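Derivation of every value follows stated rules applied to the coordinates shown; laboratory data play no part. Computed from a predicted model, the values in this text were never measured in an experiment. Reconstructed Cβ throughout: ideal geometry from the backbone, glycine too, with neighbour counts over all protein chains shown.
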Ligand code: PBG
Ligand code: ZN
């Protein structure tokens, strides 16, 4: 095997090559701030003010990042997440300003309620046999409204992340009924109830005030259920599937990639924080580990990767070429 690993031959035989067009950068937009606010648990990441987000996206674009996924932090939360679908809501304004300034940037929007509800859950809460919890069907209409409002603002792809049963079908029907037949849905179809979302909940102010998300997100040990979730979303009309988190769920990612639809992988906040923290201490080489992790995610079958390393990674890839 070493004959084919001669340095001069290696590039010819490389099976997996990360490209900058594989990467999507998550962007946090906060309605209540006037300058970028550092996120303590995610060194190098910031919340951006609405009127600064287009400029930030332009910087990303010029660096080589061609796609972003937006998360909004509203000034006001309530029980029904009304700000999530407001025509002048934080994400709606951000999408409009980015697309006005930078038409070529692919703008994906996260469709969920947890940043907009005062209880922090991903939809409408009601009484269940086990006490108060996320209500499935009453929350579907909310997701449809949010998705349509993002579409009207100019989003290129909507990405529901609430893990409700029927969310893709409800959103597809609502988009079709409002003239958005051509807008793709990237479903967070296989999303585990992971402790790796911890830093994100600080970043997006989306922590919950009671309970947890284990009645809607998947148990990390359940592989067949995880794949079934993506199959169901495919049947409901999802255009792109997703596995989240990415790096420690590569077995699931490989299986979901076999379903045939394009697949996204989300390298989540905790994956970023772990690599960053070890890098800051000098215990790991941040750049090498980040690129190795992203390459492994791609090798497992991801067509696109949502990663907080996107901006750094395009710079590193550029240097290596
Ligand atoms: C909201 C949402 C979450 C993430 C993306 N969308 C958090 C959650 O489900 O609690 C996590 C992203 C990350 O950790 O980077 N539904
Ligand atoms: Zn949510």
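Some observations on this one:
- The relative contact order of segment 19-242, computed from alpha carbon pairs under 8 Å that lie at least 6 residues apart in sequence, is 18 percent.
- Here the spin labels are modelled as points 7 Å beyond Cα on the Cα-Cβ line, and at residue 9 and residue 106 they lie 3.6 nm apart.
- Its Cα gyration tensor gives segment 1-45 an equivalent ellipsoid; the semi-axes, largest first and in whole Å, are 43, 12, 7.
- Using a simple spin-label model with pseudo-atoms 7 Å out from Cα toward Cβ, residue 127 and residue 209 lie 1.9 nm apart.
- The alpha carbon centroids of segment 279-321 and segment 190-220 are separated by 24 Å.
- Across segment 237-321, the volume of the C-alpha convex hull divided among the residues equals 95 Å³ per residue.
- Segment 223-271 versus segment 1-75: alpha-carbon centroid distance in Å: 21 Å
- Tail weight of P(r) past 21 Å, computed on alpha-carbon pairs of segment 162-279, percent: 42 percent
- This ranking places 206, 189 by how few other beta-carbon atoms lie within 10 Å of each, fewest first, which gives 206, 189.
- A Gaussian network model of the chain, with springs between Cα atoms under 10 Å, assigns the largest mean-square fluctuation among 199, 132, 262 to 132.
- For residue 295 and residue 224, the difference between the fully extended length at 0.36 nm per residue and the C-alpha to C-alpha distance is 23.1 nm.
- Rel. contact order, % - alpha carbon contacts under 8 angstrom, at least six apart, segment 131-266: 24 percent
- When shorter helices are ignored and each DSSP H run of at least 4 residues is given -39500 (n - 2.57), the per-residue value for the chain at 222 nm works out to -11000 deg cm²/dmol.
- In this simple spin-label approximation, residue 165 and residue 152 carry label points 7 Å from Cα along the Cα→Cβ vector, and these lie 3.1 nm apart.
- Over segment 19-242, the ratio between the Cα radius of gyration and 2.2 N^0.38 Å evaluates to 0.97.
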